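*Asks:* Below is the structure I would like to discuss, written out as structure tokens.
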Amino acid sequence: MTNISRIILEFLQRDSTISALSRLGVFLVFILLSLLIGRYTPTFLRIIIRRFAPQQVASIYNNLIDPIRNLFRITGSLILISLSLAWIVEYESIYRFISPIVDLAVIVSIAWLYSRLFRQFIRVYGIEILRKFGREVDELLLVFETFANVIIGFIAVLAFAQSQQFNLVGLLTGLGIGGLAVAFAAQKTLEQLLGTIVLYLDRPFVPGEYIRLQKSQQIPEGLFGRVESIGIRSTKIRAAAKSTLFIIPNSILANLEIENITRGKKVMVLLYLDFLDLLQDREQALVQQVIVESSNSLFGIDPGSTSITFLTHNNAEKQITRTRVTFFILGSSENSLQLRKRLLELANEKISKKLVTNGIKFTLQEPTIYVESPVTI
């Protein structure tokens, strides 16, 4: 009887080991399948969009999904990997180690995906929506985008805390009480730290840029120089003329008027329009009027910078009129310039509709040429 019991016990242990190895093997197979299937997440989305919105499938996919398809692949793969963890729940030590890392990766990827999707939506459809309501499109749209990203990040933090079963009420209460105590003990230091946070969030300048500080009580003579570094408590600025180093608390900089010289750049835009025939003087005047009205009405176009030149161009069979349009886009950051380029695309569509309405047909040469023109110091 003892020998039979020992044989049965050995068989059960061996069967348990085989079961454990099989579960680990299935888990690894599912990981590989997750990486493989996740690569086709954009394709699955296109099929779903075609099923429920067949008319708009091309525009929705090309405008929203295709520019960030790699992010869709990463997010889809991480979600499938998270689902695959069900195969190793019995191995608590391994599961507890891997699960928080995967959960964090999934939440971060989803938050980043929502942020980029919202950005694409604003760039493609938000501008049109605002213009339909008669609103002026300006950099307030970028502020709204930043605010939405902050909300998405806050929701992501809450989601991760909830997934790990953190006591958020107790944590927030403890932080509140501790924060009050620290605030009374180090009021001046906190004021400087808050100034640093404002500078990093607003980013009026970065190291290497030239700025001018207006005259104030703290800086009676004003200051023009190059930003050397931005520290936790203060910012170092090298004066342009004397090369002396000014160390200014961030709490003061957060309340001063700052003129950023380096970012005062503009981008020259070159458009070429080829008309089907030679334009008469009346038609040239009409074209010039339509282009000037359409471009000058855009936010961010340097007023009065529009230059229109009519040229005679030899086509394959006949002579035609080619129009070269030059103007400048003003911007303070890459995001603002991208927004203005999107507005320019809409202006081109507006110009096309007006000219076609007046019986003037043309083709727009691709691509539009953008030439950066930074301000010389």
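The values are calculated or read from the model by the stated rules, or taken from the named source; none is laboratory data. The structure presented is a predicted model; accordingly, all values stated were derived computationally and were not measured. Neighbour counts are summed over all protein chains in view; Cβ atoms, including those assigned to glycine, are modelled from backbone coordinates with ideal geometry. Ligands, DNA and RNA are excluded from the accessible area calculation, which covers all protein heavy atoms including side chains. Shrake-Rupley method; radii C 1.70, N 1.55, O 1.52, S 1.80 Å.
*Asks:* Where in segment 141-256 are there strands (runs of 3 or more DSSP E), lying fully within it, with 1 or more residues that are at pLDDT 80 or above and acidic (Asp, Glu)?
*Replies:* 223-230
*Asks:* How do the strands (runs of 3 or more DSSP E) wholly within segment 302-377 filter down when requiring 3 or more residues that are at pLDDT 70 or above and at negative phi: which remain?
*Replies:* Passing ranges, in order: 307-314, 319-331, 362-364.
*Asks:* Under 7 Å between Cβ atoms, at least 6 apart or on separate chains: pull out the pairs that start in segment 252-273 with a residue that is over 30 Å from residue 363 (Cβ atoms) and end on any residue that is open to solvent by less than 30 Å² (accessible area, probe 1.4 Å) and aromatic (Phe, Trp, Tyr).
*Replies:* Partner pairs satisfying both residue conditions: 258/205; 260/205.
*Asks:* For the structure I just gave you, tell me whether residue 94 is within 30 Å of residue 145 (Cβ to Cβ) and either within 24 Å of the chain's Cα centre (by Cα) or surrounded by fewer than 16 Cβ atoms within 10 Å (Cβ to Cβ) (or both).
*Replies:* Details: within 30 Å of residue 145 (Cβ to Cβ): no; either within 24 Å of the chain's Cα centre (by Cα) or surrounded by fewer than 16 Cβ atoms within 10 Å (Cβ to Cβ) (or both): yes.
For residue 94, the condition - within 30 Å of residue 145 (Cβ to Cβ) and either within 24 Å of the chain's Cα centre (by Cα) or surrounded by fewer than 16 Cβ atoms within 10 Å (Cβ to Cβ) (or both) - is not met.
*Asks:* Looking at residue 122, is it surrounded by 17 or more Cβ atoms within 10 Å (Cβ to Cβ), out of contact with any Cys (no Cβ under 7 Å at 6 or more places or on another chain), modelled with pLDDT of 85 or more and on the phi < 0 side of the Ramachandran plot?
*Replies:* No.
*Asks:* Same structure, new question: Considering segment 216-241 alone, what residues qualify as being of a type in the set (Ser, Thr, Tyr) and surrounded by fewer than 15 Cβ atoms within 10 Å (Cβ to Cβ)? Give the steps one after another, and end with the answer.
*Replies:* The initial filter retains those residues of segment 216-241 that are of a type in the set (Ser, Thr, Tyr), namely 216, 229, 234-235.
Answer for segment 216-241, where residues must be of a type in the set (Ser, Thr, Tyr) and surrounded by fewer than 15 Cβ atoms within 10 Å (Cβ to Cβ): 216, 229.
*Asks:* I need every pair where a residue in segment 81-101 that is closer than 14 Å to residue 163 by Cβ has its Cβ under 7 Å from the Cβ of a residue that is β-branched (Val, Ile, Thr) and open to solvent by 60 Å² or more (accessible area, probe 1.4 Å), sequence separation at least 6 or different chains.
*Replies:* Short answer, once both residue conditions are applied: 95/89.
*Asks:* Something else: Restricting attention to segment 215-227, which residues are touching a strand residue (DSSP E or B) at 6+ places or on another chain (Cβ under 7 Å) and touching a residue at least 12 places away in the same chain (Cβ under 8 Å)? Write out each step before concluding.
*Replies:* In the first step, residues of segment 215-227 are kept if they are touching a strand residue (DSSP E or B) at 6+ places or on another chain (Cβ under 7 Å); the result is 219, 222-227.
Answer for segment 215-227, where residues must be touching a strand residue (DSSP E or B) at 6+ places or on another chain (Cβ under 7 Å) and touching a residue at least 12 places away in the same chain (Cβ under 8 Å): 219, 223, 224, 225, 226, 227.
*Asks:* Here is a further query. Using beta carbons and a limit of 7 Å, which pairs, at least six apart or on different chains, have the first residue in segment 24-46 and over 16 Å from residue 88 (Cα atoms) and open to solvent by less than 60 Å² (accessible area, probe 1.4 Å) and the second one of a type in the set (A, V, I, L, M) and part of a helix (DSSP H, G or I)?
*Replies:* Within 7 Å, the pairs are 38/80; 42/65; 45/65.
*Asks:* On to the next question. Would you mention how many residues in segment 257-271 are at pLDDT 80 or above, in a strand (DSSP E or B) and open to solvent by 60 Å² or more (accessible area, probe 1.4 Å)?
*Replies:* The qualifying residues number 1.
*Asks:* Quick one: how many residues across segment 194-204 are at negative phi and loosely packed, with under 15 Cβ neighbours inside 10 Å?
*Replies:* Residues in segment 194-204 being at negative phi and loosely packed, with under 15 Cβ neighbours inside 10 Å: 5 in total.
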